Amino acid sequence: MKAKIAINLTNIIDRVDPRLFGSFIEHLGRAVYGGIYEPDHKTSDDMGFRQDVLELVKQLNVSVVRYPGGNFVSGYNWEDGIGDRSRRPRKLELAWNSIETNEIGIDEFQEWAKRADTEVMMTVNLGTRGADEARNLVEYCNLKTDTYYANLRKQNGFEEPFNIKLWCLGNEMDGDWQIGYKKPLEYARLACETAKLMKLTDPTIELVACGSSGPLMPTFGEWERTVLRECYDHVDYISLHSYYGNPNQNTSEYLAASIDMDNFIKDTVQICDEIKAEKGSEKNIMLSFDEWNIWFHSKEQDKQIDRWQIAPPLLEDIYNVEDALVVGTLLITLLKNCDRVKVACLAQLVNVIAPIMTETGGRAWVQTIFYPFLHCSLRGRGLALQTQCDCDTYDTPTKSDVPYVESIAVYNDQDDTITLFAVNRSLENECKLELSGFDSHSMLSHTVLTGNDLKLCNTADAPNAVIPYNADTPMILPPHSWNMLIFSKS
Ligand code: AHR
């Protein structure tokens with residue numbers, strides 16, 4: 001099989017916002033306790049953060065980390081997680097039926113983010129709480145004033161403000177599973193008034209309004225229109241969430257999941273622009289795809305987990321080769337839409353549907369999906385280029401004309417390199433690349449991730465079962481493979 005890929009160096013989609021390579025840590029399962037934080041672990045630093053995990057997070061070069069939820073945030077009192085740790089309340093956590101000790105709160109998480117060379121993207125509780133608690137949290141985090149909440153932060157040992165720039169107005173408020181679930185207009189009004197108070201407190205922050213928690217939500221469309229009609233002038237982004245999976249074990253169909261992501265993005269952009277026109281506004285609402293990943297492997301086992309445990313092993317999906325390929329196509333889709341998707345968070349980062357896994361008290365290792373994210377995060381920054389791919393297509397039970405090759409090129413204007421990311425979706429055939437559009441650069445490297453067995457995973461005992469390698473035959477994409485080709489100036 002052949003794929004003719006035309007890369008146009010002058011036809012730029014947009015500059016990739018570094019925040020496209022964000023991730024997410026929720027107070028859920030072993031993400032925080034036993035994941036990033038474990039004071040008794042042999043690698044722990046002075047604040048109890050696992051340095052083996054920190055090192056892996058740093059490798060990923062994650063630009064922002066959304067915190068503290070997720071569903072968790074909709075029942076969370078941020079004040080429970082600050083001040084004297086011995087006096088912090090232990091609480092029932094109703095989103096995940098767990099116990100929250102509040103040992104980690106915003107003060108500690110902000111410090112962890114610093115140590116991980118990343119930034120916090122903060123979510124406020126619009127489930128059980130509202131505008132007042134949200135504006136107090138903005139004051140606590142971002143202000144230097146001689147006022148109650150700013151002083152409280154200083155008393156807690158943090159003289160300098162955290163300067164958190166990106167804030168989410170609640171989480172998945174359209175879902176009936178959400179604590180404090182709302183109807184479109186209920187949420188829209190609350191989000192608008194909360195946004196106003198938060199921006200009055202700190203006008204430099206950027207705000208993300210909740211969009212639909214999935215394209216199949218019955219209110220998708222109506223929700224976005226209602227929210228944007230109320231909030232347009234007060235928010236900067238609308239959120240999208242979507243998880244993918246292969247529950248029917250149809251790999252060809254699964255490998256085409258990025259087409260659903262692409263449609264979801266395009267539909268949302270259309271709605272944003274419809275409201276822009278309705279309002280006669282100059283401003284574009286950008287997209288924050290702040291939860292995306294594969295989530296289905298752990299759903300059955302999670303039903304067996306007892307309630308009211310501290311850090312139960314929830315959502316611990318173990319990812320295989322085909323999952324890594326899907327993550328690769330999803331990353332390519334985000335890059336292709338980077339003119340409107342400015343923020344995206346791989347949900348999540350450690351132990352919970354995550355690229356990084358740990359044993360509590362033991363080892364840390366990386367899952368298959370770590371690698372496509374790593375490659376894009378390191379080499380996918382710069383200018384995303386229109387990349388035309390001419391190749392064979394196939395049909396699935398729900399889609400027709402799925403191209404066998406999914407690809408995008410990014411020009412890095414810092415080091416004058418072009419990086420091509422490509423997934424070969426064919427399960428049987430390799431694919432020979434024929435590239436055109438640039439003569440100025442020649443190939444430096446071709447990295448491949450694949451495996452003879454599509455179900456192969458990395459584990460603590462076999463952490464290198466699936467790892468990237470230098471292509472045996474450069475410019476040939478092996479069957480079912482993720483590829484990164486780097487070209488430098490000749
Ligand atoms: O990431 C796991 C959960 O998925 C989040 O808590 C929620 O926002 C979404 O439904």
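Side notes on the structure shown:
- Thr204 falls short of the stated requirement of being more than 22 Å from the chain's Cα centre (by Cα) and within 16 Å of the ligand (Cβ to nearest atom).
- Listed by first and then second residue, the pairs with beta-carbon distance under 8 Å, at least 6 apart or on different chains, first residue in the stretch 71-85 and on the phi > 0 side of the Ramachandran plot, second at pLDDT below 95 and within 16 Å of the ligand (Cβ to nearest atom), form an empty list.
- Where Met357 falls short, out of the listed (1) of a type outside the set (Val, Ile, Thr); (2) open to solvent by less than 10 Å² (accessible area, probe 1.4 Å); (3) within 15 Å of the ligand (Cβ to nearest atom); (4) within 30 Å of Lys91 (Cα to Cα): (3)
- Hits in the stretch 332-377 - residues which are in contact with a His (Cβ under 9 Å, 6 or more places away or on another chain) and either over 17 Å from Thr118 (Cβ atoms) or of a type in the set (Val, Ile, Thr) (or both): Ile353, Thr358, Thr360, Gly361, Gly362
- Per the listing Phe296, Phe264, the residue uniquely closer than 13 Å to Pro215 by Cα and in contact (Cβ under 8 Å) with a residue 24 or more places away in the chain is Phe264.
- Of the strands (runs of 3 or more DSSP E) lying entirely inside the stretch 59-140, those carrying at least 3 residues that are open to solvent by less than 30 Å² (accessible area, probe 1.4 Å) and within 27 Å of Leu346 (Cα to Cα) are 64-67, 119-124.
- Within the stretch 1-31, tally of residues that are under 29 Å from Thr123 (Cα atoms), open to solvent by less than 10 Å² (accessible area, probe 1.4 Å) and outside any loop (DSSP other than H, G, I, E, B): 5
- Residues (under 13 Å from Gly34 (Cα atoms) and open to solvent by 60 Å² or more (accessible area, probe 1.4 Å)) located in the stretch 45-58: Gln51
- The stretch 273-289 - residue that is in a loop (DSSP other than H, G, I, E, B) and free of Cβ contacts under 8 Å to residues at least 12 places away in the same chain and, of those, nearest to Arg229 (Cα to Cα): Gly280
So that you can scan it fast, the table gives a plain yes or no per residue for (1) assigned by TED's automatic domain parsing to the domain that holds Met484; (2) more than 23 Å from Asn8 (Cβ to Cβ); (3) surrounded by 14 or more Cβ atoms within 10 Å (Cβ to Cβ):
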residue: Thr398; (1), (2), (3): yes, yes, no
residue: Leu427; (1), (2), (3): yes, yes, yes
residue: Leu433; (1), (2), (3): yes, no, yes
residue: Val448; (1), (2), (3): yes, yes, yes
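- Within the stretch 285-312, restricting attention to residues that are away from the ligand (no atom under 12 Å from the Cβ) and polar (S, T, N, Q), the residue that is most open to solvent (accessible area, probe 1.4 Å) is Gln304.
- Residue check, Val321 within 16 Å of the ligand (Cβ to nearest atom) and over 18 Å from Pro18 (Cα atoms): no
The values are calculated or read from the model by the stated rules, or taken from the named source; none is laboratory data. Please read all numbers here as calculations on a predicted model, not as lab measurements. Virtual Cβ from ideal backbone geometry, glycine too; neighbours counted across all protein chains shown. Only protein heavy atoms, including side chains, enter the accessible area calculation; ligands, DNA and RNA are left aside. Shrake-Rupley method; radii C 1.70, N 1.55, O 1.52, S 1.80 Å.
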